[in-house]
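Contents: one structure, followed by commentary.
The values are calculated or read from the model by the stated rules, or taken from the named source; none is laboratory data. Not measured: the values here are computed from a predicted model. Note that we place each Cβ from the backbone using ideal geometry, even for glycine, and neighbour counts take in every protein chain shown.
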Amino acid sequence: MAEGVNIKRLAQELNISIATVSKALNDSYEISLKTKNRVWTLAKELNYTPNPAASNLRSHKTKTIAVVIPCVANNFFSLSIKGIEEIARQYGYHVLIYQTHENIKMEIEFTNSLLSGRVDGILTSVSSSEHNSEYYKTLVKKVPLVFFDRVYEDLEAVKITTDDYDIAFEATEHLIKCGCKRIAYLYGLENLPAGKARFNAYQDALKAHNIALDDELVIRYHEDEDVNFESVKQLLKAVKPDALFSSIEEFIIPSYLACKELNLNVPSAVKILSFSNMDTAKILNPSLTTITQPAFEIGREAAKCLFKILNKKELEERSIVLKSILIKRESTNI
């Protein structure tokens, strides 16, 4: 039955114009939701498949968007991509994924290569290695662009983020309520607003509970996992914190391994808490207390905003903040 099903056939079946069907299939603001649902329902029943070549020629669109991210293997970004792809499929779009590996030069090269009409819009989460907002101030004027998770505060752009400060404050307070007084902070994303907000919240929570900040309790992320392992191990040996609060999930394995090597029991000797969307957090031994970000929803919201821009719809908000969740598990239990 799918053979020969085209826009003309859908229009005849529904007794509406071909133009109305076309606009409904493209989710045009000119068409009512009731009519869109009629068109979408019949298209699904008849297994209608659009002709991308013909459609793209008429609309001068590539029907493709790009996602530029630091790393696909990161659990947060893999979930975000799933959310993006779900929305893209609804609009009949393809998704191209580009990994920058936290390299500013690669980020710029990838993005510049997309400006020649290869994609209709870009979703990006910026690299943490350097501050690069000047580049994006020009870029946002050239191509439909939405930032998600990692953003620059000084940019006039659409941004989808999470409540980094509030949730990091809550997490620090959780450790304090567990009896911790020497809470080490494993610092990542130093060059980005998200990283700074998390660190500021940690400091403010300590201050609110009259706990002095000790610079020796703060170590910084290195791209080499072995260096991070040695840094955490030396921290545990020399400074003797009673808790590790990691701002990024890349510190999790080095932390667990360091505790194991030093025969430090988690959570009785040291408690561990981290920002993470790892599925394996619940099966670590002991299971890991996490700050879990709504990664899938962030991807969906970012894609929704981009398609509103592409379809010339008005955005209700240009800055959307979603809530993260503190999930308490065995690594912080007494």
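Can you tell me which of (1) on the phi > 0 side of the Ramachandran plot; (2) under 25 Å from the mean Cα position of the chain (by Cα) is the one GLU223 doesn't meet?
Condition (1) is where GLU223 drops out.
For the stretch 207-234, name all the residues that are touching a strand residue (DSSP E or B) at 6+ places or on another chain (Cβ under 9 Å), under 22 Å from MET278 (Cβ atoms) and buried (at least 18 other Cβ atoms within 10 Å of the Cβ).
Those that are touching a strand residue (DSSP E or B) at 6+ places or on another chain (Cβ under 9 Å), under 22 Å from MET278 (Cβ atoms) and buried (at least 18 other Cβ atoms within 10 Å of the Cβ): ILE219, TYR221, ASN228, SER231, VAL232.
Identify, from the list LEU115, LEU123, the residue that is in a strand (DSSP E or B) and in contact (Cβ under 8 Å) with a residue 24 or more places away in the chain.
Exactly one of LEU115, LEU123 is in a strand (DSSP E or B) and in contact (Cβ under 8 Å) with a residue 24 or more places away in the chain, namely LEU123.
Is one or more of the residues making up the stretch 139-158 hydroxyl-bearing (Ser, Thr, Tyr) and more than 15 Å from the chain's Cα centre (by Cα)?
no
Please enumerate the residues belonging to the stretch 309-334 that are of a type in the set (D, E, K, R) and modelled with pLDDT under 95.
The answer is LYS312, LYS313, GLU314, GLU316, GLU317, ARG318.
For the list (1) surrounded by fewer than 20 Cβ atoms within 10 Å (Cβ to Cβ); (2) in contact (Cβ under 8 Å) with a residue 40 or more places away in the chain; (3) in a helix (DSSP H, G or I), I need the number of the one condition that LYS312 fails.
The single condition LYS312 does not satisfy is (3).
Take the conditions in contact with a strand residue (DSSP E or B) (Cβ under 8 Å, 6 or more places away or on another chain) and at pLDDT below 95 and apply them to ARG118. Does it pass?
yes
Could you please find all residues in the stretch 18-68 being modelled with pLDDT of 85 or more, within 30 Å of SER125 (Cα to Cα) and among the β-branched types (Val, Ile, Thr)?
THR64, ILE65, VAL67, VAL68
Return yes or no: is ILE108 β-branched (Val, Ile, Thr), modelled with pLDDT of 95 or more and either part of a helix (DSSP H, G or I) or within 24 Å of MET278 (Cα to Cα) (or both)?
no
Got a sec? Which of LEU175, LEU186, LEU206 is under 24 Å from ILE325 (Cα atoms), in contact with a Lys or Arg (Cβ under 7 Å, 6 or more places away or on another chain) and not in a loop (DSSP other than H, G, I, E, B)?
LEU175
Farther than 30 Å from ASN132 by Cβ, among the aliphatic types (A, V, I, L, M) and surrounded by 19 or more Cβ atoms within 10 Å (Cβ to Cβ) - does that describe any residue in the stretch 184-203?
No: zero hits.
In the stretch 137-155, what residues are part of a loop (DSSP other than H, G, I, E, B), of a type in the set (D, E, K, R) and without any contact (Cβ under 8 Å) to a residue 40 or more places away in the chain?
LYS141, LYS142, ASP154
Given the structure, is PRO254 touching a helix residue (DSSP H, G or I) at 6+ places or on another chain (Cβ under 9 Å) and in a helix (DSSP H, G or I)?
yes
Got a number for residues in the stretch 221-240 being within 21 Å of GLU130 (Cβ to Cβ), outside any helix (DSSP H, G or I) and touching a residue at least 12 places away in the same chain (Cβ under 8 Å)?
Total meeting the criteria: 2.
Give LEU326, LEU264, LEU306, LEU244 a once-over and let me know the one that is surrounded by fewer than 18 Cβ atoms within 10 Å (Cβ to Cβ) and either closer than 26 Å to LEU79 by Cα or of a type in the set (Phe, Trp, Tyr) (or both).
LEU326
Quick one: in the stretch 112-148, which of the residues that are touching a helix residue (DSSP H, G or I) at 6+ places or on another chain (Cβ under 6 Å) and of a type in the set (D, E, K, R) is surrounded by the most Cβ atoms within 10 Å (Cβ to Cβ)?
Taking the candidates together, the pick is ASP120.
Looking only at the stretch 267-295, how many residues end up being β-branched (Val, Ile, Thr) and either in a strand (DSSP E or B) or in contact with a His (Cβ under 6 Å, 6 or more places away or on another chain) (or both)?
5
Which residue pairs have Cβ atoms under 8 Å apart, sit 6 or more places apart or on different chains, and have a first residue in the stretch 199-220 that is of a type in the set (Gly, Ala, Ser) and a second that is exposed (fewer than 15 other Cβ atoms within 10 Å of the Cβ)?
ALA201/ASP166
Within the stretch 152-162, does at least one residue satisfy the condition of being modelled with pLDDT under 95, hydroxyl-bearing (Ser, Thr, Tyr) and closer than 22 Å to TYR221 by Cα?
Yes, the conditions are met somewhere in the stretch 152-162.
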